[in-house]
Amino acid sequence: IILPVSEKPNAQGMCMVHAQTRSGIWIQRAFLSKGLAYVIPLPKDRYAEGLLKIERKARHAQIGLWERRDIVVRNARTIRNPAFLNSWQIVEGIPRFLRDGGRIKQLCLNEDPRQSLCFLVLDRVYGQFAKEGTDLLRLPEGKAVRGRGRVFFRDGLKMFIGNENDLQ
């Protein structure tokens, strides 16, 4: 059974769906609970919060892909380790500062961009969030953003966000 999440394809031309087996097993939940996947939440996805809880459980249990030491969700503090430079990472945090550089916006996890990781977000990607009514600097209490990409150093730690699937 396939249940569409959205009617329109995303920027990569894919339609997102939720899938169940004939016996009613929700495939995403099964994969997440065994640590075989991670969540890419979509705006206004009513299942995202529950799926993130399942992912966190698997992460804390260190099962599936989460048992690998190189696959960890880092935060503004733990990403500062020099060993993570020039490596692919998942980083989660609450944005505290935005610097508008025209085509690229710096969304930083600290007031001082040199002291924290900043997501370098293409304007069109940032605009997608605004279009959907999400202000990344005024997230609801307890909500964070998650970026996926290579961490590099250029006047502070940076991660380039080139498409909307790299930042949730």
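The values are calculated or read from the model by the stated rules, or taken from the named source; none is laboratory data. Note that the structure is a prediction, hence the values are computed from the model and not measured. Positions of Cβ are generated from backbone atoms using ideal geometry, with glycine treated the same way; all protein chains shown enter the neighbour counts. Accessible surface areas use protein heavy atoms only, side chains included; no ligands, DNA or RNA. Shrake-Rupley method; radii C 1.70, N 1.55, O 1.52, S 1.80 Å.
Key figures
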quantity: Residue within segment 141-159 that is closer than 25 Å to Glu55 by Cβ and without any contact (Cβ under 8 Å) to a residue 24 or more places away in the chain present; calculated: yes
quantity: Matching option when the condition is in contact with a Ser or Thr (Cβ under 6 Å, 6 or more places away or on another chain) and modelled with pLDDT of 85 or more, among Cys108, Cys118; calculated: Cys108
quantity: Tally of residues being open to solvent by 50 Å² or more (accessible area, probe 1.4 Å), hydrophobic (A, V, I, L, M, F, W, C) and closer than 17 Å to Ala58 by Cα across segment 13-42; calculated: 4
